[in-house]
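Asks: Let me give you the structure first, and then I'll get to my questions.
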Amino acid sequence: MSVAIVFSGQGHQHPAMLPWLRRDAAIAAMAARLRVEDWRAALADEAWAHANRHAQVLITATAVSAWTQLRAALRIASIEVDALAGYSVGELAACAAAGVFSPERAVSLAARRAALMDAAGSTGRGGLCGVTGLGAAAVDELLRGSAVTVAIRNGDDSVVIGGPLSDSHTHGPEAVSLSDGSLDAVEAALAERGARCTRLAVTVASHTPLMRTAAEAFAVDLAGAAMDAPALPVFDSDGNRSWTAEQARDGLSRQIATTVRWDAVMDQLAARAPSCVLEIGGGQALARLWQRRHPSIPARSADEFRTVDGVIAWIERCNT
């Protein structure tokens with residue numbers, strides 16, 4: 001029996017997520033770092049929940065904690081982990097799950113990553129926008145010459161774009177023109193062409209050149225960090241397998257300022273022919289992306305289950 005594990009990124013964390021999750025060392029470290037007694041109650045405040053410095057730490061801590069608790073149950077059930085990957089900040093959890101560094105170290109790195117990205121974004125407001133319903137080639141053509149780039153490629157007609165916000169952002173998209181090269185202007189132009197655009201609840205333009213200084217600083221931090229070669233197959237945001245600690249370092253820093261190729265990641269995992277795919281994190285975004293791209297391989301999120309036993313029972317059914 002086998003399962004591929006994917007770890008969620010930002011945007012879908014919620015107070016009731018992962019209802020079976022127990023408090024452990026990673027959760028305790030996160031609560032202390034964020035100075036919250038009850039992280040679920042803290043998530044009820046949307047402004048708090050979507051602040052970069054809170055979200056990245058919380059998402060990483062809950063993910064590595066969930067992995068630790070699921071891993072013990074997977075071993076008892078003789079379920080093999082075929083591969084690991086993480087979406088955006090989820091790559092930290094994937095590397096921790098692969099044994100590159102400890103869960104507690106992953107939480108610490110998430111805090112540093114968020115701080116560096118916030119610092120890079122302090123020089124100008126940026127954002128992200130999900131775009132569906134328009135082919136990738138058409139989106140690429142419209143972006144040419146603007147300061148907006150593709151941050152994440154999820155599929156042939158599903159991307160996330162990111163870039164600077166217009167000075168006229170508060171006045172709505174009608175106040176800007178495409179010539180200003182802002183995310184607001186590009187979003188309005190895409191909507192005119194029939195695309196569905198959804199502004200994401202993030203405060204920095206992750207995975208775009210606006211985060212270059214953060215990526216460079218994080219690379220320096222990782223260069224001095226003790227890391228081990230992955231003990232389980234883990235794939236970076238370009239869909240490449242990380243065989244060594246150095247490859248893991250490079251992937252973790254590079255993705256901060258370059259396009260995440262989640263479409264390629266999914267294809268690489270599918271090529272390994274797992275019996276099913278389990279998303280770990282809040283919501284079901286990655287499971288739904290998987291179902292659209294590789295419907296022959298079942299996918300669900302651990303967030304859909306009330307108990308660890310329920311997660312294991314589903315995986316076992318997929319393997320019969």
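Asks: What's the longest uninterrupted piece of the chain once you rule out the trypsin sites (Lys or Arg not before Pro) that are loop residues per DSSP with at most 14 other Cβ within 10 Å?
Replies: On the way: sites that count: Arg22, Arg23, Arg35, Arg144, Arg193, Arg272, Arg306.
Answer - 36-143.
Asks: Here are some values of mean projected area of the Cα convex hull in nm²: (1) 16.5; (2) 28.2; (3) 15.3. Which one was computed from this structure?
Replies: From the options (1) 16.5; (2) 28.2; (3) 15.3, the structure gives (3).
Asks: Compute the separation of the alpha-carbon centres of the range 208-285 and the range 184-203 and state it in Å as a whole number.
Replies: 27
Asks: A further question on this structure: Quick check on the range 86-162: take the gyration tensor over C-alpha atoms, sort the square-rooted eigenvalues as a ≥ b ≥ c, and tell me if it's rounded (a/c under 1.5), prolate or oblate. Don't skip to the answer; put the middle values down first.
Replies: Details: a/c = 3.98, a/b = 1.65, b/c = 2.41.
Oblate, since a/c reaches 1.5 and b/c is not below a/b.
Asks: Right, next: Based on alpha-carbon centroids, what's the gap between the range 8-22 and the range 24-71 in Å, whole number please?
Replies: 9
Asks: Express as a percent, rounded to the nearest 5, the fraction of DSSP beta bridges in the chain (both residues included) that run antiparallel.
Replies: Numbers: 17 of 33 bridges.
Expressed as a percentage, antiparallel bridges in the chain total about 50.
Asks: Here is a follow-up. Select from the chain the helices, each a whole stretch of DSSP H, whose alpha-carbon atoms run 30 Å or more along the helix axis and whose Kyte-Doolittle mean is at least -1.0; answer none if there are none.
Replies: Working: long enough: 52-76 (36 Å, 0.34).
Correct list, ordered by number: 52-76.
Asks: Now for a different question. With springs connecting C-alpha atoms under 10 Å apart, model the chain as a Gaussian network and identify which of Ala106, Ala219, Ala77 has the largest mean-square fluctuation.
Replies: Comparing Ala106, Ala219, Ala77 in a Gaussian network model of the chain, the most mobile one is Ala77.
Asks: If you don't mind, another one. Under a 5 Å amide H to amide H cut-off, with H placed in plane at 1.01 Å, what residues pair with Leu134 once short-range neighbours are removed?
Replies: Sorted by chain and number, the residues that satisfy this are Arg196.
Asks: Given points 7 Å out from each Cα along the Cα-Cβ axis, report the Glu46 to Ala25 separation in nanometres with one decimal.
Replies: 3.8
Asks: Fewest Cβ neighbours within 10 Å first, please rank Leu58, Leu143 accordingly.
Replies: Taking fewest neighbouring Cβ atoms as first place, the list is Leu143, Leu58.
Asks: Taking square-rooted eigenvalues a ≥ b ≥ c of the alpha carbon gyration tensor, is the range 1-156 rounded, prolate or oblate, where a/c under 1.5 means rounded and, failing that, a/b exceeding b/c means prolate? Please list the in-between numbers first.
Replies: Working: a/c = 2.10, a/b = 1.34, b/c = 1.57.
In terms of gyration-tensor shape, oblate.
No lab work stands behind these numbers, since they all come straight from the coordinates. Remember, it's a predicted structure, so these values are computed and weren't measured experimentally. With ideal geometry, Cβ positions are generated from the backbone for all residues, glycine too; neighbour counts draw on all protein chains shown.
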